[in-house]
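What follows is a set of notes on a single structure, which appears directly below.
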Amino acid sequence: MVPLIDPFQRAITYLRVSVTDRCDFRCVYCMSENMTFLPKKELLTLEELDRMCSTFVHLGVRKLRITGGEPLVRKGIMTFFESMSRHLDSGDLDELTLTTNGSQLERFAQQLYDTGVRRINVSLDTLDEKKFADITRWGRLEQVLRGVDAALAVGLRVKINAVALKDFNEEELTTMTKWCADRGMDLTWIEVMPMGDIGNEDRLGQYWSLKDVRKAYENSYAVTDLAERTGGPARYVRLEETGQKIGFITPLSHNFCESCNRVRVTCTGEIYMCLGQEDMADLREPLRASPKDDTPLEDAIRAAILLKPKGHDFDYSRQKLDGQMPRHMSHTGG
Ligand code: SAM
Ligand code: SF4
């Protein structure tokens, strides 16, 4: 099988799949309070998601991240994880993983572990109950904390992802870092991205540059740069005092496109070749048109990969959001 190589000689080995556009939270930077969700027939069924992901694995994808919306609110999603575990068993897939808001982890942690998931990312921006309720609108901190504990208890490695917001979680940098360190968890900060029409209200908090987040660490810890690269927009340092890895995801700076190894598939079967560009291709049509034969789907995937752009168009200089994307993170999966 010829692997997926784009026109810039980047091998595509990492697929992020959004399995639903729905969510039990309404984070202010991600969704408006009154979201209209897609009709069910637009969504790939669990069987179609299986065929989609399995075809990518067949074409050389080694890492699969399930995201959303909130993936764990999709009905029957555990049968999908169970089914995907066959690719781990066969050695065709190195990693099956998940990005979640943590609300359903107490219920699903053990089953996730049993299907071969070993590491998960939990998005959590604050440890303050009131602030958590404000930023997620509908979330309850205590439920997420119980979820994180449950995940750790069954042996999952948990990384916390926090969106960096000035005047919001700026003052929690050390408390969140310590809370993570006490539980053996790494912590990654994400720069807020100008995505989706999230309603008229101001975002809670302001853009907090990760350069400044890093400076804040340097004031309190001995910080060592790590050479580690994931092919994505993350850079890592180690805090010598805690041994923890701290990540910085700066999707808006043009410093990672040359090593990009990933594509995204939405819950409706659209493939986005670059998070920062609107170019996409429909994979649902070839998938549905040929229920028994995956060849048309494989051809459509290969054709899409040939359109993967060299880089994206965000420009955050002088705080001008030139590359603003009209679509929601919950649609493309972040
Ligand atoms: N619901 C799951 C969760 O929250 O982890 C998975 C989907 S969510 C869209 C994936 C990630 O995108 C989360 O870590 C969230 O904080 C991040 N995100 C959403 N909107 C964002 C934005 N405008 N800028 C930066 N990160 C964003
Ligand atoms: Fe839901 Fe995740 Fe978006 Fe928050 S960031 S609204 S948890 S999809």
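The values are calculated or read from the model by the stated rules, or taken from the named source; none is laboratory data. Not measured: the values here are computed from a predicted model. Note that each Cβ is placed from the backbone with ideal geometry, even for glycine, and that neighbours are counted across all protein chains shown. Accessible surface areas use protein heavy atoms only, side chains included; no ligands, DNA or RNA. Shrake-Rupley method; radii C 1.70, N 1.55, O 1.52, S 1.80 Å.
Taking interchain pairs and intrachain pairs at least six residues apart, which have beta carbon atoms under 6 angstrom, with the first residue in region 88-104 and among the basic types (Lys, Arg) and the second more than 16 Å from ligand 1 (Cβ to nearest atom) and open to solvent by less than 30 Å² (accessible area, probe 1.4 Å)?
Once the first residue is among the basic types (Lys, Arg) and sits in region 88-104, no partner that is more than 16 Å from ligand 1 (Cβ to nearest atom) and open to solvent by less than 30 Å² (accessible area, probe 1.4 Å) comes close enough.
Need the failing condition index for THR295 against (1) modelled with pLDDT of 95 or more; (2) open to solvent by less than 40 Å² (accessible area, probe 1.4 Å), just the number.
(2)
Name the residues in region 160-192 that are surrounded by fewer than 16 Cβ atoms within 10 Å (Cβ to Cβ), outside any helix (DSSP H, G or I) and not small (Gly, Ala, Ser), would you?
LYS166, ASP167, ARG183, listed by residue number.
Residue by residue through region 65-90, note down the ones that are acidic (Asp, Glu) and more than 13 Å from ligand 2 (Cβ to nearest atom). Walk me through it before giving the result.
Start the filter on region 65-90 by keeping residues that are acidic (Asp, Glu), which leaves 70, 82, 89.
Of everything in region 65-90, those that are acidic (Asp, Glu) and more than 13 Å from ligand 2 (Cβ to nearest atom) turn out to be GLU82, ASP89.
Please find, within region 19-34, the residue that is nearest to MET78 (Cα to Cα) out of those that are open to solvent by less than 20 Å² (accessible area, probe 1.4 Å), under 16 Å from the mean Cα position of the chain (by Cα) and more than 6 Å from ligand 2 (Cβ to nearest atom).
Filtering region 19-34 for residues that are open to solvent by less than 20 Å² (accessible area, probe 1.4 Å), under 16 Å from the mean Cα position of the chain (by Cα) and more than 6 Å from ligand 2 (Cβ to nearest atom), the one nearest to MET78 (Cα to Cα) comes out as VAL19.
In region 265-284, which residue that is part of a loop (DSSP other than H, G, I, E, B) and under 15 Å from ARG65 (Cβ atoms) is most open to solvent (accessible area, probe 1.4 Å)?
Of the residues in region 265-284, the ones part of a loop (DSSP other than H, G, I, E, B) are 266-269, 273-279, 283.
If we keep only those that are under 15 Å from ARG65 (Cβ atoms) as well, we get 266-267, 275.
Working: THR266: 0, CYS267: 1, LEU275: 28 Å².
Across region 265-284, the extreme among qualifying residues is LEU275.
Identify, please: which residue in region 1-18 is in a loop (DSSP other than H, G, I, E, B) and open to solvent by 20 Å² or more (accessible area, probe 1.4 Å) and is, among those, nearest to ligand 2 (Cβ to nearest atom)?
Within region 1-18, the match that is nearest to ligand 2 (Cβ to nearest atom) is THR13.
For PHE56, only one of the following conditions fails: (1) part of a loop (DSSP other than H, G, I, E, B); (2) within 18 Å of LEU283 (Cα to Cα); (3) out of contact with any Phe, Trp or Tyr (no Cβ under 8 Å at 6 or more places or on another chain); (4) away from ligand 2 (no atom under 16 Å from the Cβ). What is its number?
PHE56 satisfies all of (1) part of a loop (DSSP other than H, G, I, E, B); (2) within 18 Å of LEU283 (Cα to Cα); (3) out of contact with any Phe, Trp or Tyr (no Cβ under 8 Å at 6 or more places or on another chain); (4) away from ligand 2 (no atom under 16 Å from the Cβ) except (1).
Of everything in region 242-264, what is open to solvent by 30 Å² or more (accessible area, probe 1.4 Å) and of a type in the set (Lys, Arg)? Give them in sequence order.
LYS245
Hey, any hits in region 138-157 for a residue that's under 17 Å from ILE246 (Cα atoms) and within 16 Å of ligand 2 (Cβ to nearest atom)?
no
Okay, residues lined up against (1) touching a helix residue (DSSP H, G or I) at 6+ places or on another chain (Cβ under 8 Å); (2) within 26 Å of ALA153 (Cβ to Cβ); (3) not small (Gly, Ala, Ser):
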| residue | (1), (2), (3) |
| --- | --- |
| CYS30 | yes, no, yes |
| PRO39 | no, no, yes |
| LEU44 | yes, no, yes |
| ASP50 | yes, no, yes |
| SER54 | yes, no, no |
| LYS63 | no, yes, yes |
| PHE132 | yes, yes, yes |
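Return a yes/no flag: does region 82-101 have any residue that is in contact with an Asp or Glu (Cβ under 9 Å, 6 or more places away or on another chain), within 16 Å of ligand 1 (Cβ to nearest atom) and on the phi > 0 side of the Ramachandran plot.
No, region 82-101 contains no residue that is in contact with an Asp or Glu (Cβ under 9 Å, 6 or more places away or on another chain), within 16 Å of ligand 1 (Cβ to nearest atom) and on the phi > 0 side of the Ramachandran plot.
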